[in-house]
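Here is the structure we will look at, set down as structure tokens.
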Amino acid sequence: MVGIAKLFIEIDGLTTMKMKPKSLGRINTKVLTPEEIEDIKYMRAAYAQAKKAYMLGEVPIGCVIVYEGKIIGRGYNRRNTDKTALAHAEITAIKRATRVIKDWRLEECKLYVTLEPCQMCAGAIVQARIPEVIMAAENPKAGCAGSVMDILNNPEFNHQVQVKKGVLKEECSALLKDFFVELRARNKAEKEQKGTL
Ligand SMILES: [Zn+2]
């Protein structure tokens, strides 16, 4: 290790190691700010929720709501399991958080979600007066934080939401991609099995 300076950043078991070869005389990787470290920490908690959906065979989307540095609401997609279009990750997390806050307004909270919210969830986020949303992957087909439309930031509404995109994007997108690859393979196998009957 002579001539090498090491910098470790621990985030809930996620270790980012940055190597600085002294001979180069400069840091060749980006150092995370405390805010970026916090965002990764809570997005990892949202990812853990998405994994629960994945284990149920549901589209893996997870969400957490943070108040004063604490997670007060968690949720994951259970649409098929609960047989309702209302069982989206964000809606469940909002319900749980409002129970803790004892108010429908979540004005001091941050919402972390692994995929860009749909029109229903973006609407609920605006209704709950959540000031900030941090998301991982964008959803070009159904996202309502700028992809299909921008419900979170419409000047016509009485509340606008600050949005940050791309936190843990690779991990959250990979989970979704794995899910759809497996789903297609399952559907294909089922079709083939039916064809042989
Ligand atoms: Zn939704």
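Each reported figure results from applying straightforward, stated rules to the coordinates on display, with no laboratory input. Source: prediction; values computed, not measured. Cβ: placed from backbone, ideal geometry, glycine included. Neighbour counts: every protein chain shown.
Here LYS83, LYS141, LYS95, LYS164 are screened, and the one residue that is free of Cβ contacts under 8 Å to residues at least 24 places away in the same chain, out of contact with any helix residue (DSSP H, G or I) (no Cβ under 6 Å at 6 or more places or on another chain) and away from the ligand (no atom under 15 Å from the Cβ) is LYS83. Just so you know, in the stretch 60-69 the residues that are part of a strand (DSSP E or B) and closer than 19 Å to GLU35 by Cβ include one that is nearest to the chain's Cα centre (by Cα), and it is VAL64. If only residues of the stretch 112-121 that are crowded, with 24+ Cβ neighbours inside 10 Å and within 12 Å of the ligand (Cβ to nearest atom) are counted, the one that is farthest from PHE179 (Cα to Cα) is CYS121. Just so you know, in the stretch 50-59 the residues that are within 15 Å of the ligand (Cβ to nearest atom) and small (Gly, Ala, Ser) include one that is nearest to the chain's Cα centre (by Cα), and it is ALA50.
When the stretch 157-197 is filtered for residues that are part of a helix (DSSP H, G or I) and closer than 16 Å to ASP39 by Cβ, the ones remaining, listed by number, are LYS169, GLU170, GLU171, CYS172.
For the stretch 158-171, residues that are more than 19 Å from GLU108 (Cα to Cα) and either of a type in the set (A, V, I, L, M, F, W, C) or crowded, with 17+ Cβ neighbours inside 10 Å (or both) total 3.
Whether a residue is more than 20 Å from LYS165 (Cβ to Cβ) and more than 16 Å from the ligand (Cβ to nearest atom) was assessed, and ILE101 passes this test. When you scan the stretch 60-76, do you find a residue that is loosely packed, with under 13 Cβ neighbours inside 10 Å and acidic (Asp, Glu), even just one? Looking for residues that are loosely packed, with under 13 Cβ neighbours inside 10 Å and acidic (Asp, Glu), one finds at least one in the stretch 60-76, hence yes.
In summary, TYR47 fulfils each of the numbered conditions (1) away from the ligand (no atom under 14 Å from the Cβ); (2) free of Cβ contacts under 8 Å to residues at least 40 places away in the same chain; (3) part of a helix (DSSP H, G or I) with the single exception of condition (2).
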